Number of protein chains: 2
Amino acid sequence: MSTPGRGLHGQVLDTLGPAITAGEYPPGSVLRTDELAQQFEVSRSVMREAVRVLESMHLVESRRRVGVTVRPKYEWNVYDPQVIRWRLAGADRPQQLRSLTVLRSAIEPVAAGLAAKHATAEQCAELTECALGMVAHSRGHQLEGYLVHDMAFHRVILTASGNEMFARLGDVVAEVLAGRTHHEVMFEDPDPAAVTLHVQVAEAVREGDAVRAEELTREITVGALQELDILAP
Amino acid sequence: MSTPGRGLHGQVLDTLGPAITAGEYPPGSVLRTDELAQQFEVSRSVMREAVRVLESMHLVESRRRVGVTVRPKYEWNVYDPQVIRWRLAGADRPQQLRSLTVLRSAIEPVAAGLAAKHATAEQCAELTECALGMVAHSRGHQLEGYLVHDMAFHRVILTASGNEMFARLGDVVAEVLAGRTHHEVMFEDPDPAAVTLHVQVAEAVREGDAVRAEELTREITVGALQELDILAP
DNA sequence: TGTGACAAATAAGTCTGACTTTTTGTTCCC
DNA sequence: GGGAACAAAAAGTCAGACTTATTTGTCACA
């Protein structure tokens, strides 16, 4: 997905971005544009463009007479989808997956409540279709098919909420769901209770029952938290 | 705040960014790098760097033989602090303020609950100090002083949650609070009930009462929603 | 000895011009 | 009418020279 190698500067970023987000250059490290250009065997103009992009993500700061210094993690634009992808691909993956799951647990129930009020007839139909697809692929190790419908389901919820900020988290949630299926090796079929909950959420949204949609979605996200052992006893 | 005019390309962005996010160039519009460079009276290299930044925000897409085309709003990186600032400064301000307030209402209660579990003694002290500052400035038209402590309060909550994604919303929430005080002309002193709620949240966090902290914060955010008439009867 | 001004070094920033590459649209021929 | 060759357009790349801000170090003076 996304856009692989859109120009030389993009190829540089594909290497430099993951390296920085993985912590290979500790905060405060100083890079020189000229040296980087030599290392990557590109012209300075290309390297400058790459640095500009990293700068706009608040991964680095460029100052005259000093160089390009790496910023501490807490200043990064951690909502940038590109940064999220880089971190999910590197050593940060577990922590990233946990913080994103917590984020999900805060957002999705509210989004579902709003979706119950604002979803169009078409969106309701889509939702039902996704839920049925999940049911159909819930047994017999059809994990990939299940995942596709699961991602689509949550994307529709977020979009149907009518809130642009929620809607833009669709990719992030999809990434988290995919990560769970692919990385946390899943041999078993999905939890039947979770499948049922999705069907019920679709129902609640269709009926415009915001409170129930929110509550049911909260149960789904609590399940996601439990899977990662994020929970206070 | 932020970094005003960090180089020529930054000055270009200060004009071009707001123009695009304000919708002055409708989605699908095609810009030519050379023309832009002439308009802004900068070299092509500088304009190219500016375009790269806009591209990394998914505001535009650059393609050979075509030019730089403006993307539809739903593809923008709306969590980029820079994009948020641009939109808050333009015609989009009301809608942006509304969607951000809804986002707040989803995030902050959960963050407060986590803060009750994870806040350090120092953070608890900061929180109490902020709450007391709010009380002290709650009467007699000391709106600026009140705002400072209000912003600090919510920033501490988000940071103390221990979740990096929540923490990074501190700037956004501060922006929303400032927007409410400055733009939605406030002549009156803040609602005493809201002030009390902040004090109680500080208490709950100090006592480690996650459920109460979450519930009280929810009341605060519901109040924020009501102010903007975001509510279903 | 400390301090302030001045000078040198350094790395980013800027500009220009030439060249390459990709994509698109047109035209011409079968 | 369809497909292949061709031409044009705009971004992409590179190299080199020059500018400017910032830091650091030095030296003289109080």
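Where a number appears in this text, it was derived from the coordinates with a stated rule and is not lab data. Remember, it's a predicted structure, so these values are computed and weren't measured experimentally. Methodologically, a virtual Cβ is constructed for each residue, glycine included, from the backbone with ideal geometry; neighbour enumeration extends over all protein chains shown.
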Worksheet entry | For residue B:39, inter-copy label distances in nm, listed shortest first [label point 7 Å out on the Cα-Cβ vector] | 3.7
Worksheet item: Per the Kirkwood definition applied to all pairs of different Cα atoms, how many angstroms is the hydrodynamic radius of the protein assembly as shown?
Response: 23.7
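What area, in nm² and to one decimal, does the C-alpha convex hull of the range B:92-227 cast on average over all directions? Working shown, then result.
On the way: hull surface 28.3 nm².
With every direction weighted equally, the projected area is 7.1 nm².
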Worksheet item: Relative contact order, percent, of the range B:92-227 when contacts are C-alpha pairs under 8 Å separated by at least 6 residues?
Response: 39
Discussion item. Over chain A, with a Gaussian network built from C-alpha contacts below 10 Å, which listed residue (A:162, A:223, A:28) shows the highest mean-square fluctuation?
Written reply: A:28
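Let me have the 222 nm mean residue ellipticity of chain A computed from DSSP H runs of 4+ only, each contributing -39500 (n - 2.57), with the sum over all residues rounded to the nearest 500. If you can, show how the numbers build up before the last one.
Details: 11 runs with 154 residues, N = 233.
After summing the helix terms and dividing by the residues of chain A, the value is -21500 deg cm²/dmol.
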Discussion item. Could you work out the relative contact order of the range A:8-75? I mean the mean sequence separation of Cα pairs under 8 Å and 6+ apart, divided by the number of residues, in percent.
Written reply: 38
Item to complete: Taking a cut-off of 30 Å between Cα atoms, list the lysines near residue B:73, but don't count ones fewer than 8 places away on the same chain.
Response: A:73, A:117
Worksheet entry | Most mobile of A:217, A:120, A:159 in a GNM of chain A (Cα contacts under 10 Å) | A:120
Worksheet item: Under a plain spin-label model, where a point goes 7 Å from the Cα along Cα-to-Cβ, how far apart in nm are residue B:184 and residue A:183?
Response: 3.9
Worksheet item: Considering chain A as a Gaussian network with a 10 Å cut-off on Cα pairs, which listed residue, A:40, A:153, A:166, attains the greatest mean-square fluctuation?
Response: A:40
Worksheet, complete the sentence: Once both label points are put 7 Å beyond Cα along the C-beta direction, the residue B:120-residue B:207 separation in nm becomes 2.5
Discussion item. So the label point sits 7 Å from Cα along the Cα-to-Cβ vector; using that for residue A:74, what distances do you get to the other copies, in nanometres, sorted shortest first?
Written reply: 3.7
Item to complete: Any chance you could get the radius of gyration and Dmax over the Cα atoms of the range B:1-51, in Å?
Response: 11.1, 32
Fill in: Extended-chain gain in nm, criterion 0.36 nm per residue less alpha-carbon gap, residue A:196 and residue A:228
9.4 nm
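Quote the relative contact order of the range A:25-122 in percent (integer), defining contacts as alpha-carbon pairs under 8 Å separated by 6+ residues. It would help to have the intermediate numbers written out before the result.
Values: 77 pairs, mean separation 21.6, N = 98.
Worked out over the range A:25-122, it gives 22 percent.
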